[in-house]
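Taking it in order: structure first as structure tokens, then the write-up.
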């Protein structure tokens, strides 16, 4: 089922008072689990609880457009996983997947343009670490870019050949797959957040 209020989601994603690692008004190390769950459930996110982790999904777009792919329930599918320590959100693990349809890219631009490569550089400045790679190894068709701001608390991994997110445009209608690990600065190291980088990074 799509989110209750897509307009509210857009407002939260573009709210200037919520800079990374804050996401949808949830800030690692500050926001309590009760506050975080209230925000997500108010948006209509689907909820599953596993141990000290809280898994949510937000569906943007028409879930009936492409029902054939096992992981595609909408034009843009977002998973949000919260790791809780002492009743506070410690880590936000975010995944964004689009379909290959041009309208999915339009939806991505509307909601997540702030988290494209150029926008992240503009907002956060020079990263602490930067890696590029060929992704799944299919010649350059699925380039990947890893942007790390360890002092801020951001680990951003972008895959998919698309002009806003990629230095090597090959096929604009290819799907986008983005993951972000957002964490309280100083509370986690990059090794703890992501113990290994893919073999294709360099």
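Would you call residue 48 surrounded by fewer than 19 Cβ atoms within 10 Å (Cβ to Cβ), within 30 Å of residue 186 (Cβ to Cβ) and modelled with pLDDT of 85 or more? Criteria not met by residue 48. Is one or more of the residues making up the stretch 25-39 at pLDDT below 85 and in a loop (DSSP other than H, G, I, E, B)? Among the residues of the stretch 25-39, not one is at pLDDT below 85 and in a loop (DSSP other than H, G, I, E, B), which makes the answer no. Residue 102 fulfils the conditions (1) at pLDDT 80 or above; (2) closer than 15 Å to residue 175 by Cα except for a single criterion, (1). The residues listed here are 59, 97, 92; of these, the one that is within 15 Å of the chain's Cα centre (by Cα), closer than 25 Å to residue 175 by Cβ, at pLDDT below 75 and assigned to a strand (DSSP E or B) is 59. Residue 129 meets the conditions (1) surrounded by 13 or more Cβ atoms within 10 Å (Cβ to Cβ); (2) modelled with pLDDT of 70 or more; (3) touching a strand residue (DSSP E or B) at 6+ places or on another chain (Cβ under 6 Å) in every case but one. The failed one is (1). In the stretch 107-126, of all residues being surrounded by 15 or more Cβ atoms within 10 Å (Cβ to Cβ), under 13 Å from the mean Cα position of the chain (by Cα) and not in a loop (DSSP other than H, G, I, E, B), the one that is modelled with the highest pLDDT corresponds to 120.
Kindly indicate which of 151, 138 is modelled with pLDDT of 90 or more, more than 26 Å from residue 9 (Cβ to Cβ) and part of a loop (DSSP other than H, G, I, E, B). Step by step, each of 151, 138 is checked, and only 151 is modelled with pLDDT of 90 or more, more than 26 Å from residue 9 (Cβ to Cβ) and part of a loop (DSSP other than H, G, I, E, B).
The values are calculated or read from the model by the stated rules, or taken from the named source; none is laboratory data. Keep in mind it's a predicted model, so treat the numbers as computed, not measured. Ideal geometry is used to build each Cβ from the backbone, glycine not excepted, and the neighbour counts take in all protein chains shown.
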